[in-house]
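The values are calculated or read from the model by the stated rules, or taken from the named source; none is laboratory data. Predicted model only: the values in this text are computed from it and were never measured. So basically every Cβ, Gly included, is an ideal-geometry build from the backbone, and we count neighbours across all protein chains shown.
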Amino acid sequence: MTDHTHADTLRTPIVAVLGHVDHGKTSLLDTIRGSAVSEGEAGAITQHIGATDIPLDTISGMAGELIDPSDFDLPGLLFIDTPGHHSFSTLRARGGALADIAVLVVDVNDGFQPQTEEAIDILRRTGTPFVVAANKVDTTPGWNPQDGEPIQKSMDAQSERAKSMLDENLYEIIGQLSDAGFSADLYWRVQDFQKNIGVVPLSALTGEGVPDLLTVLMGLSQRFMKEEMAIDVTGPGEGTVLEVKDERGFGATVDTVVYDGVIRNGDTVVVGGQNEPIVTEIRALLRPRPLAEIRTEKEFEKVGEIGAAAGVKIAAPDLDEAMAGAPVRVVRDRTVDQVVEEVKAELAEIEVDTSENGVVVKADTLGSLEAMANALREAEVPILRAEVGDIAPRDIAVAETANQDEHKAILGFNVDLLKNAESDLENADVKLFKNEVIYQLVEDYERYVEEKQRAQQ
Ligand code: GDP
């Protein structure tokens, strides 16, 4: 830490999208990606690597008169493509949340729902600044957008009229936020985003209000994240694995969000692995090509280096055992051993107790594995083996060795059964449970055990 020339550079904020199922999280992400592409900046946009980078000039192109790019030192916004509070709480950076800020999507007709409440609890607990996207305003009778005009103007025009349905729904959301302990208001009335949560009416379907949302996110980041987002851009890169993927010509690769420092081609990196930290040398840093070129050329282009915050695919030998949710650390200024110890220490914070008896647990990320382990501990279900990754033949072999029948089971959270494991499962005396909701997975298993015990009586 000697050269601080760039220490004041603000890095790109990492944004997560949360909210109740069907309230429009995926649509919102698609629309943000889509309008950014049509803005002609596709070359700078990250695709298929788990995170979407929207540069400042793209945002200002989309936002038109709403935004003056010279007001911002931020390079843009980086959206994590997998929405939901599950990925928010299981994707971590140095023990905290990987995302710096969040968008809470609420269907304007539906208001707060159970997963909205859960998301709010998590945002409160982690102290994450957020804005509310009051989505699907196009379906509300009070909605009367004027072509091409920012929502703020058309809303002002409406305020002259009797309270519309839209107004009522929006105020209900504001009231629900207040019940949850947050002072909130329609975003154009918010003077101080530190004191008030901004509510942005929008439609993920038509795209109206989306530029307003991006503008508010930029403003929020610019004001609050100054400390956290000032980085030494020359420092050794630190990141979190989003996904481990086989890529033709490259073997196992890791899709990574780099949240600090810089990663260079040829760097030695330490990546959290299923058994030991993996020490390897980067063979290629890959970013997707622009959409239009993908069909004609290779899907990825190689880049020499990448600075935080950004999404990148890392190709390197020996990444097969890398784990989603695990840390990635560049070895520079320190010895390999020091960095390995650091990665080990970070992984040790994620605790999964296993015993000699019990079920096999598989989950998509380290964080979700930990959440599964906690839920099973509460339900007093012992765990024989717990691992990140899809269900493979050896998981079935391990489950079969359980010495109690009720433990001959695999609980898979957000994972698939691998093709080459299908026939093993058919031939084995092992029961597979799969679900995308932890408590349902545990409940399904408990019900199965009860039925088994009843049958034996
Ligand atoms: P998620 O479960 O939160 O990711 O929700 P989705 O993005 O999958 O959206 C759920 C449904 O709502 C889909 O049928 C979408 O087409 C629809 N939807 C999402 N946003 C809007 C919107 O702004 N307006 C309207 N009319 N429908 C929307």
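Residue count for segment 386-418 satisfying the condition of being exposed (fewer than 15 other Cβ atoms within 10 Å of the Cβ) and small (Gly, Ala, Ser): 1. Applying the criterion of being part of a strand (DSSP E or B) and of a type outside the set (A, V, I, L, M, F, W, C) to the residues of segment 300-314, the residue that is surrounded by the fewest Cβ atoms within 10 Å (Cβ to Cβ) is 302. Taking the stated definitions as given, is residue 121 away from the ligand (no atom under 15 Å from the Cβ), free of Cβ contacts under 8 Å to residues at least 60 places away in the same chain, surrounded by fewer than 24 Cβ atoms within 10 Å (Cβ to Cβ) and within 16 Å of residue 19 (Cβ to Cβ)? Considered against the rule, which asks whether it is away from the ligand (no atom under 15 Å from the Cβ), free of Cβ contacts under 8 Å to residues at least 60 places away in the same chain, surrounded by fewer than 24 Cβ atoms within 10 Å (Cβ to Cβ) and within 16 Å of residue 19 (Cβ to Cβ), residue 121 comes out as yes.
Remark: pairs (first residue in segment 13-31, more than 25 Å from residue 239 (Cβ to Cβ); second residue more than 7 Å from the ligand (Cβ to nearest atom) and among the hydroxyl-bearing types (Ser, Thr, Tyr); Cβ separation under 7 Å; 6+ apart in sequence or on different chains) = 19/116; 20/116. For beta carbons closer than 8 Å, sequence separation of 6+ or different chains, a first residue in segment 369-381 that is part of a loop (DSSP other than H, G, I, E, B) and a second that is modelled with pLDDT of 90 or more and surrounded by fewer than 20 Cβ atoms within 10 Å (Cβ to Cβ), the qualifying pairs are 379/446; 381/446. Among all residues of segment 137-149, there is none that is more than 14 Å from the ligand (Cβ to nearest atom), surrounded by 13 or more Cβ atoms within 10 Å (Cβ to Cβ), hydroxyl-bearing (Ser, Thr, Tyr) and modelled with pLDDT under 95.
Residue by residue, here is whether (1) in contact (Cβ under 8 Å) with a residue 24 or more places away in the chain; (2) away from the ligand (no atom under 16 Å from the Cβ); (3) within 28 Å of residue 34 (Cα to Cα); (4) surrounded by fewer than 17 Cβ atoms within 10 Å (Cβ to Cβ) holds:
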| position | (1), (2), (3), (4) |
| --- | --- |
| 169 | yes, no, yes, no |
| 174 | yes, yes, no, no |
| 184 | yes, yes, no, no |
| 201 | yes, no, yes, no |
| 204 | yes, no, yes, no |
| 210 | yes, no, yes, no |
| 216 | yes, yes, yes, no |
| 221 | yes, yes, yes, no |
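One residue stands out in segment 72-117 among those that are outside any loop (DSSP other than H, G, I, E, B) and polar (S, T, N, Q): the one that is nearest to the ligand (Cβ to nearest atom), namely 115.
When segment 10-51 is limited to residues that are charged (D, E, K, R), over 17 Å from residue 200 (Cα atoms) and within 16 Å of the ligand (Cβ to nearest atom), the one that is modelled with the lowest pLDDT turns out to be 33.
You will find that of 352, 388, 361, the residue that is modelled with pLDDT of 90 or more and either touching a Leu at 6+ places or on another chain (Cβ under 6 Å) or among the hydrophobic types (A, V, I, L, M, F, W, C) (or both) is 361 and no other.
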